[in-house]
2 protein chains.
Amino acid sequence: MSENTKELERSAFEKLEAALKNNDIDAFRSEFMDMHPYDQTQFFLKMDKDDRRELYHFLSPDEMSEIFQNIEVEEEDYQDILEEMNPKYAADMISSMYTDDAVDVLNELDKDHVASYLTIMDEEAADEIKELLHYEEYTAGSIMTTEFISIAANQTVRSAMYILKKEAPNAETIYYVYVVDDEKRLVGVISLRDLIISDDDTMISEIMYTRVMAVSAAEDQEQVAKKMKDYDFLAVPVVDFQRHLLGIITVDDIIDVLDEEASDDYSKLAGVSDVDTLDKNPFSAAKKRLPWLIVLLFLGMFTASLIGRFEETLSKVAILAVFIPLIGGMSGNTGTQALAVVVRGIATGDLERESKWKLLLRELGTGLITGTTCGIIVMLVVYLWQGEFFLGILVGISILASLIVATLAGALVPLLMHRLKIDPAVASGPFITTINDIISILIYFGIATAFMSKLT
Amino acid sequence: MSENTKELERSAFEKLEAALKNNDIDAFRSEFMDMHPYDQTQFFLKMDKDDRRELYHFLSPDEMSEIFQNIEVEEEDYQDILEEMNPKYAADMISSMYTDDAVDVLNELDKDHVASYLTIMDEEAADEIKELLHYEEYTAGSIMTTEFISIAANQTVRSAMYILKKEAPNAETIYYVYVVDDEKRLVGVISLRDLIISDDDTMISEIMYTRVMAVSAAEDQEQVAKKMKDYDFLAVPVVDFQRHLLGIITVDDIIDVLDEEASDDYSKLAGVSDVDTLDKNPFSAAKKRLPWLIVLLFLGMFTASLIGRFEETLSKVAILAVFIPLIGGMSGNTGTQALAVVVRGIATGDLERESKWKLLLRELGTGLITGTTCGIIVMLVVYLWQGEFFLGILVGISILASLIVATLAGALVPLLMHRLKIDPAVASGPFITTINDIISILIYFGIATAFMSKLT
């Protein structure tokens, strides 16, 4: 199935390339305009610069906007592609995009370029875009679009359908119609489904749903995404504090938000700045990983200097060194587990319903259970295998204590960061691991030094 | 905003509870039926058993099904809740659910219960459900629903709209209408948007889109989700190998799939079996974490026994022990980074477009760059700070070698697992970390033992 699709795609792409080379605009358009915008975009991204310059002669700015709102390239590449076009063509194309997508593109450009495109394009589109450019990144306002359909409550289904037909070509979704009062305040919503099954003469006010869930323009996009996911909405209205309808957010944008946030949490747990853009070469890959590695390197050297203080203990009982990676590794792992549970809990909002003390108490209990289990196993193995009774007890107790502290630390750090309004996912896996390394080594050598006499 | 919503919710919930206590069915229904199904579900989940038994008298099986298809509880709880109901009521409720949701619920029950509910419910619904129960978990077939609208190509927009109005109350989405031939094979699709803006007398065959993207029933749900995300579809048709239309998958189910898969990858990177269900007590939390911890514990003891072989080296140069956590930690971190990049690349499909050798070569290059940088930093710090020239070189070279090997291992392991058709995310962070621990310690002590004479 999927192989077939790829085959088809390849032959379509070859036809298009041939048409471009022969400057055959009709052959090109008859094939190209029949493709889904996503496939058009895939073709666009595979073209070289010269072919793209040719393409801009074959497509209107409006047709080109369908492609451009789908592309996802590196920040600097947006500017490069726009500069291949005539500035007026580029401005027209941007003004043809849905406002939310236009704003996304402009946000990638530097201020001078934004200003110049806004000056060239038609005033109405420029004004709408300017309004949306004000909203802070990652808020509902920054991802909403202004292409929605609104109607008044005191009209019939028939007249509502008439408005809908007229506005359908420009609206981002026609599947929800929003009902506003004289002052443009949101008072109701009606789905196209309900419009269709209702009688033509029914008044909108009779069938509209008045308990509309709306989000504020300043609300965090992740919260909005969570609401839409819970309520299975295809779109949600965005309002200001007087409940004036400002725009709508559609489900396709929400899918992108959910995807971004998930990949962001994942990246941070792994200690890479961004796992999702594929690296072109080792240098771009190293650039994303080195900052984390260098910070962790210095934390690791701090750990080394801590162990250095116990050099005397170590030179007397060299076997102590053997268990350093085991104890450090176990507390790192258990800390990462607790961290992941709390970070996800904060992200999904599940933790909001629970008291923080209860959570910490539960993590303490979890650490006690896992610590006791692992401690006893280690003690038995060291004792039975190596015949070392005191060493077994020492390592076992160190594991017990380390796991309790590490589990608590793993839960506490993201909670504290959340309280301090820092994204808790920044307390990533590697950091928690390294911090727990330090704590566990202090515990291990602390206990070892205290019981020195038993070991030698 | 959000505080306000919570306030409102609380007062609505109190009203509902009072109505239930007073056995006031009218007061209850007038409040309850006006709530969104998601909120109804939230209320349902907060009720105790006795109140729920009362509720089943207040709501029809059909009304109850709206609530039930939204609940997400532990496996065993589904059965418990169903058993509170009269069996006939439960069966009617299940048959009122959209088929995909009914199947989801039945999949949580044991076989005897499934059989008994299917026997009680009306035959048509039971047959539809039985068909879907055959599909393997995580395939397109398992998440599709059969409540779609299909029409023939040789009819007008007017007659299509007539069918749509008639079927709207039962269809899961009416925003796409599928066009099938006499043998029920999928030949086209038309959106409600296009139907609405078209003239009533237009023939469907003239305006339908014939290059319909469909997925096969056996296709992996993650692949389907990726396609819907890329193409911004609200629904996608599912077909068999003769392109017979079997069902559709709607965007709300796809959001759940994306969420599940992301949280699954995240859980595995952290080494917890499931981060998303909130733990009720320390025992359930420990149960999810201990299996991983115990495996890692034994791997860690293997590492310890490896270091044990170098006890002679260690007892001569105790300072060697000081750098064990640093070298092990660094290679663990860099391995996790490479792992995360490859696992996400496989999940998003980005890696499909690239040769595996090119990827490994790039990771080798990345390891070389990060290894050289970190190696030089460590060497300088050890030399300048501790005045130990040979020790600095030893630790630096060990870091260089470990980082190269660890980066390659981090990339290679998930690639191999993917080739062997094992979910690459299972090669989770903690495993890669522990394996890299072992490799790096072998490198470190190997080099140290070879250069012994320079160190003592």
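The values are calculated or read from the model by the stated rules, or taken from the named source; none is laboratory data. Note that the structure is a prediction, hence the values are computed from the model and not measured. Cβ coordinates were reconstructed from backbone atoms using ideal geometry, including for glycine residues, and neighbour counts include every protein chain displayed. All accessible areas refer to the heavy atoms of the entire protein, side chains included, with ligands and DNA or RNA removed. Shrake-Rupley method; radii C 1.70, N 1.55, O 1.52, S 1.80 Å.
Buried accessible area for the A:B pair, summed, 1.4 Å probe, in Å² rounded to 100?
Summing both chains' loss of accessible area gives about 10600 Å².
Hey, what do the phi angles of the range A:232-241 turn into as Karplus ³J(HN,Hα) couplings, whole Hz, using 6.51/-1.76/1.60 and θ = phi - 60°, x for Gly and Pro?
With coefficients 6.51, -1.76 and 1.60, one gets 6, 7, 8, 7, 9, x, 10, 10, 8, 6 Hz.
Once R0 is set to 25 Å, what does the formula 1/(1 + (r/R0)^6) return for the Cβ-Cβ distance between B:ARG185 and A:GLU31, expressed as a FRET efficiency to the nearest 0.05?
It comes to 0.55.
Can you check what the net charge comes to around A:PRO325, using other residues whose Cβ is under 13 Å from the Cβ of A:PRO325 (Lys, Arg +1; Asp, Glu -1)?
It works out to a net charge of -2.
Relative to the present Cα-Cα distance, how much length would full extension add between A:SER205 and A:ARG10 at 0.36 nm per residue of separation?
Residue separation times 0.36 nm, minus the Cα-Cα distance, leaves 65.0 nm.
Taking the Cα centre of the protein assembly as shown as origin, sum charge times position over the Cβ atoms of Lys and Arg (+1) and Asp and Glu (-1), and report the length of that vector in debye to the nearest 20.
Around 5580 debye, computed over the protein assembly as shown.
Compute the helix-to-body angle for B:389-419: its Cα long axis versus the longest principal axis of chain B, expressed 0 to 90° and rounded to tens.
Helix B:389-419 and the main axis of chain B meet at about 30 degrees.
Report the FRET efficiency, 1/(1 + (r/R0)^6), for B:HIS57 and B:THR449, where r is their Cβ-Cβ distance and R0 is 56 Å, rounded to 0.05.
E between B:HIS57 and B:THR449, to the nearest 0.05, is 0.10.
Would you kindly derive the ³J(HN,Hα) couplings of the range B:147-155 from the backbone phi angles with the Karplus curve 6.51 cos²θ - 1.76 cosθ + 1.60 (θ = phi - 60°), listing them in order in whole Hz, with x for Gly and Pro?
8, 10, 10, 10, 9, 9, 6, 8, 9
Pull out a ≥ b ≥ c, the square roots of the eigenvalues of the alpha-carbon gyration tensor of the range A:282-455, then state rounded if a/c is under 1.5, prolate if not and a/b is larger than b/c, and oblate in the remaining case.
Oblate is the answer for the range A:282-455, as a/c is 1.5 or above yet b/c matches or exceeds a/b.
Taking the simple approach of a point 7 Å from Cα along Cα-to-Cβ for both A:ASP112 and B:PHE389, what is their distance in nm?
5.3
What does the net charge come to around B:ILE190 if you take all other residues with beta carbon closer than 13 Å to its beta carbon, with K and R at +1 and D and E at -1?
0
Using C-alpha positions alone, give me the convex hull volume of chain A per residue in cubic angstrom.
In chain A, the Cα convex hull volume per residue is 216 Å³.
With the dipole of the protein assembly as shown worked out from charges on the C-beta (+1 for Lys and Arg, -1 for Asp and Glu) around the Cα centre, which of B:PRO237, B:ALA411, B:VAL73 lies farthest toward the positive end?
With unit charges placed on the Cβ atoms, the residue in question is B:ALA411.
Which shape class, rounded, prolate or oblate, goes with the protein assembly as shown when its Cα gyration tensor gives a ≥ b ≥ c as root eigenvalues, a/c under 1.5 marks rounded, and past that a/b bigger than b/c marks prolate?
Prolate, because a/c is 1.5 or more and a/b exceeds b/c.
Provide the FRET efficiency to the nearest 0.05 for the B:SER284-A:PHE241 pair, computing r from the beta carbons and using R0 = 45 Å.
It comes out at approximately 0.60.
Amide H to amide H under 5 Å from A:ILE151: which residues, 5+ apart in sequence or cross-chain, H placed 1.01 Å off N in plane?
Residues meeting the criterion, in which the H sits 1.01 Å from N, are A:TYR178, A:VAL179, A:VAL180.
What does the accessible area per residue of chain B come to in Å², with a 1.4 Å probe and no ligands, DNA or RNA counted?
44
Which residues among the range A:380-414 fall inside the zone where the amide N is under 18 Å from a point 7 Å beyond the Cα of A:ARG309, along Cα→Cβ?
Under 18 Å, as judged by backbone N against the label point of A:ARG309, lie A:402 of the range A:380-414.
In nm, to one decimal, how far is the modelled label at A:ASP48 from the one at A:GLU17, with both set 7 Å along Cα→Cβ?
1.1
Tell me, what % of the accessible area of chain B is carbon and sulfur with a 1.4 angstrom probe?
Accessible surface attributable to carbon and sulfur in chain B totals 55 percent.
Where in the range B:27-71 does accessible area fall by at least 10 Å² between the isolated chain and the complete protein assembly, at a 1.4 Å probe radius?
Those are B:GLU31, B:ASP34, B:MET35, B:HIS36, B:TYR38, B:ASP39, B:GLN42, B:ASN70, which lose 10 Å² or more relative to the chain on its own.
State whether the range A:122-192 is rounded, prolate or oblate according to the following rule on the C-alpha gyration tensor (a ≥ b ≥ c being the square roots of its eigenvalues): a/c under 1.5 gives rounded; otherwise a/b larger than b/c gives prolate, and the remaining case gives oblate.
Verdict is prolate for the range A:122-192.
For B:THR139, which sequence-distant residues (separation of 5 or more, or a different chain) have an amide H within less than 5 Å of its own amide H, given hydrogens modelled in the peptide plane?
Here the answer is B:GLN221, since their amide H atoms fall under 5 Å of that of B:THR139.
Rounded to the nearest 20 Debye, what is the dipole magnitude of the range A:150-250 about its Cα centre when Lys and Arg each give +1 and Asp and Glu each give -1 at the C-beta?
Dipole about the Cα centre, nearest 20: 100 debye.
Write down, largest first, the equivalent ellipsoid semi-axes of the range A:164-252 in whole Å, where each equals the square root of 5 times an eigenvalue of the alpha-carbon gyration tensor.
Over the Cα atoms of the range A:164-252, the semi-axes work out to 22, 15, 13 Å.
Once the Cα atoms of helix B:221-231 and of chain B are each reduced to a long axis, what angle between those two axes, in degrees from 0 to 90 to the nearest 10, is obtained?
Computed tilt is about 80 degrees.
How big is D for the range A:214-306, in µm² s⁻¹ as a whole number, if Stokes-Einstein is applied with the Kirkwood radius of its Cα pairs at 37 °C and 0.692 mPa s?
Here the translational diffusion coefficient equals 202 µm²/s.
Find the Cα radius of gyration of the range B:2-134, compare it with 2.2 N^0.38 Å by division, and give the number to two decimals.
Rounded to two decimals, the normalised Rg is 1.10.
If you average the alpha carbon positions of the range A:393-419 and of the range A:112-178, how far apart do those two centres end up, in angstrom?
Between the Cα centre of the range A:393-419 and that of the range A:112-178, the gap is 51 Å.
For B:LYS49, which lysines qualify as cross-link partners when the Cα separation must be under 25 Å and same-chain residues fewer than eight apart are set aside?
Answer for B:LYS49, where 25 Å is the Cα cut-off: A:LYS358, B:LYS6, B:LYS15, B:LYS21, B:LYS88, B:LYS111, B:LYS280, listed by chain and number.
Projecting each Cα onto the charge dipole of the range A:348-455 (Lys/Arg +1, Asp/Glu -1 at the beta carbon, about the Cα centre), which of A:ILE441, A:ILE422, A:LEU391 comes out farthest on the positive side?
A:ILE422
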